[in-house]
Amino acid sequence: MRRGIFFAMALLLPFAMMAQSKDFKTAQSLETQYNILNELRVGFVDSIDTQKLIHTGIAAMLESLDPYTEYIPAEEDEEIELMTTATYGGIGSIIKKVDSVGVIISQPYLGSPAIKYGLEPGDVILKINGEDVAPLTADQCSSKMKGEPGTDVVFTVRKGRGGEIKEYKITRERIHIPDVSFSALLDKKYTNGENVGYIKLDGFTVNGSKDVRNALVALKEEGAQKIILDLRGNGGGLMDEAIKIVSLFVPKGTLVVSQKGRNANVNAEYRTLDEPVDTLIPLMVMVNSGSASSSEIVAGAIQDLDRGIIIGTRTFGKGLVQSMRPVGYDGLVKLTIAKYYTPSGRCVQAIDYSNRNSDGSVGTVPDSLKRAFLTKNGRTVYDGGGITPDSTVNAPQYSRIALSLVMNDIVNDYALKYYSSKSSIAPAGEFELTDQEYEEFVEYAASRKFDSRSGAQVEFEKMMKSAKAEQLYEMNKAEFDALKSKLSVSKEEMLRIKKSEIKPLVEEEIVQKFHFTPGSIESIIRNDTQLLNALKIPFELK
């Protein structure tokens with residue numbers, strides 16, 4: 001008996017020593033890190049921000065694991081609330097800081113205190129609670145505008161319309177940004193005469209599934225025969241809300257997603273708990289490379305359960321489950337604890353973190369790395385990263401000049417200028433700039449700094465650089481200069497050449513100023529070629 005005990009102890013001893021060795025090395029590393037920090041604090045040639053160094057070290061440590069594990073200090077608690085609930089205390093407005101002008105009200109939210117008390121797009125905030133905002137950054141101004149609901153904040157404002165200086169005392173409210181930014185029956189001219197209900201879902205925050213349920217019920221009451229759930233650009237959010245959204249379309253008790261981690265205690269299966277709204281109505285889910293996490297849970301479940309058709313382009317490929325864990329002093333670590341799997345058993349997570357497109361989404365996945373899985377009805381689907389649509393419908397690629405106009409805020413600035421000059425415009429789905437008004441935009445945009453080069457000009461400049469490096473330019477100088485002259489186009493000319501692409505972008509921004517986000521989306525739909533092409537595809541699965 002004693003020999004058996006000694007034998008068991010002999011077996012366990014190496015494991016215990018190994019554990020002690022790991023603990024010792026960890027303690028040794030932490031002590032070394034502290035000693036280095038202390039030497040820097042005492043002896044470095046310049047003064048250092050110790051807290052900043054520590055946070056930089058923590059961020060680098062976590063970043064080495066995956067792109068999503070991160071430390072959230074106590075001062076960022078408000079951002080966590082906004083991320084999970086889409087709610088904060090404030091006046092409800094997007095602002096922008098222009099050094100030569102001031103802090104501008106760029107876009108108040110529909111129904112917000114900003115609107116109720118009379119603030120408008122283009123108004124310039126001069127003071128907040130009597131403090132001049134000129135020395136402040138946009139973030140500092142935003143912090144002063146936010147606060148506990150029920151408290152007051154005083155603004156001194158120069159009106160965009162007329163230039164009058166006015167003072168506003170505004171009571172802060174709890175601002176909620178709804179997950180469903182737009183829902184309606186689409187115009188029958190786009191749907192071949194059918195009643196197609198459209199729901200644009202931008203996030204998965206607390207109670208977001210209720211917004212979807214309400215929109216779905218309302219659309220059915222209006223006579224919707226089919227439903228489009230648009231998840232394009234939806235970066236995800238709470239898993240529980242994703243499961244509740246799937247539950248609207250499938251029987252109660254249906255498996256939606258499972259998660260598996262290194263520790264068995266995090267393994268779980270998640271099934272629908274609520275009665276559905278409609279398990280039969282034809283359903284289309286639209287996705288793209290910006291559809292991630294909870295969006296992929298919804299799309300993957302709908303696809304695997306053969307409940308609807310997935311249309312668009314491959315999704316982002318984020319199949320990781322995060323959990324918020326307290327780490328002291330009110331700080332949190334957002335920790336990756338598991339990977340999630342669709343009902344067929346697919347893992348949505350991209351196989352290779354480094355094999356990514358410029359937007360961070362899944363790059364090319366070799367066929368040799370893909371595994372086949374079967375949907376409920378026996379269709380073949382694959383893993384390897386993201387959800388591959390049942391039918392691929394590509395979105396149009398914007399030109400360099402269009403992107404430059406948006407990135408440099410020129411489209412937004414012109415929309416503010418337009419808003420200040422008009423008291424009203426046509427309904428959202430009907431508003432269009434006249435040719436004369438577009439020419440006014442051309443004149444305005446040409447006066448601003450932005451990169452107006454065409455893609456051809458950029459490629460030519462690269463070729464010229466290579467030609468000069470290889471001593472080919474001087475040999476063919478006349479030909480190079482002639483081609484350069486032909487490709488050289490003024491800002492005004494490029495803006496006119498790309499009118500069909502740029503004009504809708506300007507119209508959508510103007511509509512948002514007058515009719516807010518729902519109006520903007522209604523305007524976007526008219527020119528959303530990806531959506532309009534998707535509507536030509538039968539909702540039925542093959």
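The values are calculated or read from the model by the stated rules, or taken from the named source; none is laboratory data. Remember, it's a predicted structure, so these values are computed and weren't measured experimentally. For neighbour counting, all protein chains shown are included, and Cβ atoms are generated from backbone atoms with ideal geometry for every residue, glycine included. Each accessible area value is taken on the protein alone, full model and side chains, heavy atoms only, with ligands, DNA and RNA left out. Shrake-Rupley method; radii C 1.70, N 1.55, O 1.52, S 1.80 Å.
Quick notes on this one:
- A count restricted to region 208-233 and to residues that are under 16 Å from Val298 (Cα atoms), free of Cβ contacts under 8 Å to residues at least 40 places away in the same chain and open to solvent by 30 Å² or more (accessible area, probe 1.4 Å) stands at 2.
- Restricting region 137-161 to residues that are under 20 Å from Asp413 (Cβ atoms) and in a strand (DSSP E or B), the residue that is least open to solvent (accessible area, probe 1.4 Å): Val157
- Residues being without any contact (Cβ under 8 Å) to a residue 24 or more places away in the chain and of a type in the set (D, E, K, R) - total across region 467-506: 8
- Condition met for Leu238 (open to solvent by less than 50 Å² (accessible area, probe 1.4 Å), of a type in the set (A, V, I, L, M, F, W, C) and touching a residue at least 24 places away in the same chain (Cβ under 8 Å)): no
- Among the residues here, Ser424 qualifies as in a loop (DSSP other than H, G, I, E, B) and open to solvent by 40 Å² or more (accessible area, probe 1.4 Å).
- The set of residues in region 358-374 being within 25 Å of Ser520 (Cβ to Cβ) and of a type in the set (S, T, N, Q) consists of Ser361 alone.
- Across region 375-406, the number of residues qualifying as in contact (Cβ under 8 Å) with a residue 40 or more places away in the chain, open to solvent by 70 Å² or more (accessible area, probe 1.4 Å) and over 22 Å from Ile525 (Cβ atoms) comes to 3.
- Complete set of residues in region 255-288 that are within 14 Å of Asp240 (Cα to Cα) and either open to solvent by less than 80 Å² (accessible area, probe 1.4 Å) or charged (D, E, K, R) (or both): Leu255, Val256, Val257, Ser258, Gln259, Ala268, Glu269, Tyr270, Arg271, Thr272, Asp274
- Cβ-Cβ under 6 Å pairs, at least 6 apart or on other chains, region 263-292 side acidic (Asp, Glu), far side assigned to a loop (DSSP other than H, G, I, E, B) and open to solvent by less than 20 Å² (accessible area, probe 1.4 Å): Asp274/Ser247
- Scanning region 253-272 for residues that are among the aliphatic types (A, V, I, L, M) and either farther than 14 Å from Ala338 by Cα or at pLDDT 95 or above (or both) gives Leu255, Val256, Val257, Ala268.
- Helices (runs of 4 or more DSSP H) (entirely within region 434-522) containing at least 3 residues that are aliphatic (A, V, I, L, M) and under 36 Å from the mean Cα position of the chain (by Cα): 435-446, 455-469, 491-497
- Across region 95-136, the qualifying residues are those that are touching a strand residue (DSSP E or B) at 6+ places or on another chain (Cβ under 9 Å) and hydroxyl-bearing (Ser, Thr, Tyr), and the one among them that is most open to solvent (accessible area, probe 1.4 Å) is Tyr117.
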